[in-house]
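Handing you a structure now.
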Amino acid sequence: ADVYSMFICLAEVGQLYADPSAELPTLSFSFRDYVLKLKANESTSVFAASERYWLTRLDSLSAAPELPIVSTSPEGAPRFARRHLHLPATRWQSLKNLAKHLGLTPSVALLAAFAEVLRAWSRNPAFTLNLTLFNRAPVHPEIDRVMGDFTATLLLDLGACAAPDAPFHTRATRIQDQFWADYEHADFTGVRVLQHLSQKRRAAVAMPIVFTSAIGVGDVGQKLDTAGGMLGRPTYGITQTPQVQIDHQVFELDGGLGVNWDVVEGLFAPGVIEAMFAAYAALLERLADDPAAWNEVQPVALPAEQRAARAAANDTAADLGPDDLLHHPVLRQALATPDRIAVVAPDRALTYGELVGRALALSRNLAGFAEPDALVAIALPKGWPQVVAALATLIAGAAYVPIDPDLPKVRRDTLLAEAKPVALLSSADLIAQMATGLPAFAVEDAQPEPLPDTLPVPGQSPLDLAYVIFTSGSTGTPKGVMIDHRAALNTIRDINQRFAVGPDDSVFGLSALSFDLSVYDLFGPLACGGRLILPAPHENRDPEAWARCLRQHPATLWNTVPALWQMLVEHAPDLPHPPRLVMLSGDWIPLDLVPRSRERFPASRLVSLGGATEAAIWSIVHPIDSELAADWHSVPYGRPLANQRFHILDHAFHDRPDWVPGELFIAGDGLARGYWGDPQRTQDRFVTHPATGERLYRTGDLGRYRPGGLIEFLGRDDHQVKIAGHRIELGEIEAALASHPAVARAVAHAIGTPPAPRRLAAYVVPADPAAPPTPDELRAHLAERLPSYMVPRHILAIDAIPLSPNGKLDKAKLPTIQTQQVSLGVSELPLSKDEALLAKLWGELLSLDQVKRSDHFFEIGGNSLLAVRMVNGLRERHHLALPLRQIFADPVLANLTSHLRPVDGEMSVDLTTLVDGEAGQPLFFVLDSLSEGRAVVDIADCWLPGRPLVAVSGRIDAEGPEALPAYITKAVAAIRQRQPNGPYGLAGYSTGGLLAWEIAASLERAGDSVSTVTMIDSRPLPSALARNREAISRILSRAVSGGDDTLAGHLSSTIAAVSHARLAKLKAPVRLLQAEKQPGDLWDTAIAWRNRQTALAVETIGGDHFTCVRAPYASALAGLLQAPSGARMTEMAK
């Protein structure tokens, strides 16, 4: 029954107590009759109008308040606890009078006050409340004596009433207006609205925050006294309603105001309800006592203890040293310790004297161009020249802007056009390749000059720019973040002092120059006598290579995004001296990384750092020194760094209470000057706090304070995402996709929920639905315009972009990206044992039932960490090694198998049947050491049915004079197992041709017959070539994409082995198919054979050494191999 029925009941019980013989009158009208009356009303036009009113608002109806909930389903049945307050009669009367003066009913005034508190603690400023109405319609004279639950509900959407910049009384008036408009259509109850809303959204929808007003039914205290106090007052009461979280009740009590909050226990974050209820009580008192309170824009203040905790956390003022320039500490160190090692790179180590001496020499080239706030572009791969170039730019008085030379040309040109640099620092090769038209200087040409006795006179001040780093832009154009010397130096000084970084420290510099973590790598340890250790440019994703480097040059500091540290931990190398300090920033830190890291490297201290490029590298820190509490679902964001501050604000710049999400704003000395050449974007993102006047950077990130002043990071709620540490504006991807002529519209999306890894996907609406662009075509289009990390792995064509009723993208309605085919054709199935093994392992790692030989590891869900796990799985379970770098260079399953090798180094010679046939003897095709299976794939595609084609692995990983004989022995044994008797047909490509010759010689010495030996652009190789690193690098750069040390080792060891080939005279005819184009900078086939007194049948084939076995030349080559007659004979010795 409702509260009025309770009053009837108590009154009648009191009447019977007073006169036990009394007879209560019999009613002719029951609650059932009332229900039937309501049912009959549903056929009226009034009810139909109410139904239309509500159903037309379903799509726009705001959700319930999003209050800080820690458990959506507390253990056991929900238990409610009551909080109660009483406003004395004088205050209550004052509140009513002030409300009446403003034209507000007492109930609406109390409702508006409740809404203010909810708005302060709710994530969403627009929300709907569930109002309880005492709905005793006057349908019968006896209706006031009938007992039953006459309550109905009304959904009151306060979204349109928010008006955050208006005074409280204006919002209260709007609430009252909305209430009366809704109340006119109350015949269609809130319960019915929720039923229709749940059906429309195909999910149960609730409005669990309830407001009940009994103002107007009389003084509850007097009614509860029941007939002069015979029963006494109730001492306990509670309402417990399913699907209700807070039941707020107001009623008049003893001349004053009574308020109850019945709240589900264990549902809300600790302290939230207590703070909300205290704020509500304080607000009612102020509204009663102070007429000015009704005019306040924000009448609900942050609780005093929370305000004190924030103030303490933001009390970061510190004297880190006098104003200075970013590079001056490095120059001072060079003057103090010129012979101390500063930079260790794979190809050389530079002392402080040499580093600064080169920078001084290079800076003189910039004298005519550099001035404060002018930009000098640096376009170099990772290495010591980058450090020299950055120092030289700052010494010259300008600021540097990194331009990654590996970016697509369109992207590079866009950055140069936006940056408008006055000069370019690069290498001679890149200067010629980029052809920018700028004054350009090769860094390697700058020879060190003697150091001066004192620092050069600076050409700039601490408030002038030190660097500009371009990040992804939402409009399709990158935005350049301008950081001055003072801001960057503030962060570096804080980190060095906070973590006692000194001359014995060294940092492993993995981050690209265009990523702001590199600023600390370049200017952090070098400011205090430490070292910068640099990996090779192609080793930025290879933990095996990192481990080799760190064993040789131990680093005490690690500074990367979490994913790279996780790759090292997953790789689990044996590091005698692991880093003492691991600084992780730029992305979520996986919770499982913390214990795994401690288990693997117990001496390494983990520290979480955060912030934004717009705030000088980092602004917040949290040492991960203890286990996370159970209620933390991510590593804490932390507390501000020195001279920096954090605020978590709502849309109206009001502080958010503890546990409540809001936008993160950064303030203090680390803030950027703005965006290069973009005052409008600067004005949008760098704002002034309307109340305090403080300059703030609006990060777009979400966070919340935990009790005590610790910040929790919550990700983003806009069109920007972070993937693997890269900040990506989805709008920039969409703009690039939309520039394709076959795309009408595009939407970019990030799949996955942080802190789990995320990956990019895109949806396109084709301009011509009958001829949609292919994903490969679109990816190629994007690859010409965007960095590789911004190219979505998954692109799906759709008919239309799904929109919500208000015209915004409805992500929930985007189709699920399918990353695999439902069934595989024969040509898609793994062909070899190694392919089947890899396919099985990929399926386990990626949770896929089927994997094709043409699948791209990263396009079907792989990422860097899973690539490491793949390498580990191959090593641990199958005793096979696969270079991690090769997975990034060519992640197609069929191509990766050629790079597998036994872990124990024991030589093996594998045979793979590429084309099975029933007629004729097989042709055994010996592969080269690099391309392996890829060298014969196109030939196999053109192979005519009949003669079998069998590939013979041609990589020799063993060293020493016995390597070649050992290989030949194993190869002959494998061939004989496939074909016990001759004649044998042999062919080989590159080094494989020489091995085919040696195999034939071994077979002939054993008395077997060899029908023919065909070499494809093979030539004798000098043993010195195996030791020539420059020549090996040139070969790798032309033969494969992304060559690494492992491939270089394969090539060197194979060349060293075949250089011992005797190439003795054979009984079998030997034919040389010589590529038409000869690379003069490497070697010439004719010259290589000139000193060999060997008769060869020579024919010319199309292409050069690296393309002659590939399409379009493979078809003619396959014909020659299958029909070898007709070759003309010539004596190369002549």
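Throughout, read-outs are computed from the coordinates displayed, never taken from laboratory work. The structure displayed is predicted, hence computed values, not measured ones. Here the Cβ is made from the backbone with ideal geometry for all residues, glycine too, and neighbour counts use every protein chain on show.
Which of Tyr467, Tyr675, Tyr789 has the fewest other C-beta atoms within 10 Å, and how do the rest follow up to the most?
Tyr789, Tyr675, Tyr467
For region 600-754, give the magnitude of the charge dipole about the Cα centre (Cβ charges: +1 Lys/Arg, -1 Asp/Glu; no others), in debye to the nearest 20.
300
Positive end of the charge dipole of the chain (Lys, Arg +1 and Asp, Glu -1 on Cβ, about the Cα centre): tell me which of Leu391, Ala1000, Leu194 has its Cα farthest that way.
Farthest towards the positive end: Ala1000.
Based on Cβ point charges of +1 for Lys and Arg and -1 for Asp and Glu, what charge dipole magnitude is obtained for the chain about its Cα centre, in debye rounded to the nearest 20?
On the way: 102 positive and 125 negative charges, 453 e Å.
The calculated dipole for the chain is roughly 2180 debye.
How far, in degrees from 0 to 90, does helix 31-41 lean away from the longest principal axis of the Cα atoms of the chain, to the nearest 10?
60
Also, I was wondering about something else. Given the peptides 614-623, 843-852, 767-776, arrange them by the average over their residues of other C-beta atoms within 10 Å, most packed first.
Ranking the peptides 614-623, 843-852, 767-776 by packing returns 614-623, 843-852, 767-776.
Multiplying the sequence separation of Arg877 and Gln15 by 0.36 nm and subtracting their Cα-Cα distance, what value in nm do you get?
Extending this stretch completely gives an extra 301.7 nm.
Only counting other Cβ atoms within 10 Å, I'd like Trp997, Trp180 sorted with the fewest neighbours first.
Trp180, Trp997
For Asp768 and Ala1116, what is the calculated FRET efficiency with R₀ set at 51 Å and r taken between the beta-carbons, to the nearest 0.05?
Plugging the Cβ-Cβ distance into 1/(1 + (r/R0)^6) gives 0.85.
By how many nm would the segment from Phe47 to Lys813 grow when fully extended, if each residue of separation counts as 0.36 nm and the alpha-carbon distance is taken off?
Stretched fully, the Phe47-Lys813 segment lengthens by 272.4 nm.
Can I ask one more? Of the listed pairs Lys970/Lys1067; Lys39/Lys200; Lys39/Lys96; Lys39/Lys811, which have alpha-carbon separations greater than 30 Å here?
Result: Lys39/Lys96; Lys39/Lys811 exceed 30 Å.
In nanometres, what is the gap between the two model label sites at Phe31 and Val139, each 7 Å from Cα along Cα-to-Cβ?
The modelled label-to-label distance comes out at 1.4 nm.
How about region 52-123: which chymotrypsin sites (Phe, Trp or Tyr not before Pro) there lie in a loop by DSSP and see at most 13 other Cβ atoms within 10 Å?
Here no chymotrypsin sites (Phe, Trp or Tyr not before Pro) fit, given the DSSP loop and packing criteria.
Still on this structure: Per residue, what volume in Å³ does the Cα convex hull of region 3-301 take up?
Normalising the Cα hull of region 3-301 by residue number yields 153 Å³.
Given axes a ≥ b ≥ c from the Cα gyration tensor, I'd like to know whether the chain is rounded (a/c under 1.5), prolate (a/b larger than b/c) or oblate.
prolate
Please name whichever of Val937, Leu416, Gln222 sits farthest to the positive end of the charge dipole of the chain, dipole taken about the Cα centre and charges placed at Cβ: Lys and Arg +1, Asp and Glu -1.
Val937
Using DSSP to call loops (not H, G, I, E or B), can you name the GluC sites (Glu not before Pro) in region 7-90 whose Cβ has at most 12 other Cβ atoms within 10 angstrom?
Passing sites in region 7-90 are Glu23, Glu75.
When we measure straight from the Cα of Lys1077, which lysines land under 25 angstrom away, once same-chain ones fewer than 8 places off are left out?
Lys1134
Shifting gears a bit: For Cα pairs less than 8 Å apart in space and 6+ apart in sequence, what is the mean separation divided by the residue count of the chain, i.e. the relative contact order in percent?
7
Give me Ser122, Ser363, Ser739 ranked fewest to most by other Cβ atoms within 10 Å of their Cβ, as a rough exposure proxy. Kindly include the intermediate steps, with their values, before the conclusion.
Numbers: Ser122 22, Ser363 25, Ser739 14.
Listed from fewest to most nearby Cβ atoms, that is Ser739, Ser122, Ser363.
Moving to a separate point now. Quick one: length gained pulling Arg978 to Asp916 fully straight, 0.36 nm per residue minus the C-alpha distance?
21.1 nm
Can you find, among Leu513, Asn496, Thr471, the residue farthest towards the positive end of the dipole of region 470-516? Put +1 on the C-beta of Lys and Arg, -1 on that of Asp and Glu.
It is Thr471.
For a protection proxy built on the mean count of beta-carbon atoms within 10 angstrom, sort 527-534, 457-464 highest first, please. The partial results should precede the final answer.
Details: 527-534: 23.9, 457-464: 16.0.
Descending mean neighbour count gives 527-534, 457-464.
Tell me the net charge near Ile666. Cut-off is 12 Å between Cβ atoms, Ile666 excluded, with +1 for each Lys or Arg and -1 for each Asp or Glu.
-1
Here's a follow-up. Efficiency by 1/(1 + (r/R0)^6): what FRET value for Arg348 and His856, r their Cβ-Cβ distance, R0 = 35 Å, to the nearest 0.05?
The calculated FRET efficiency here is 0.40.
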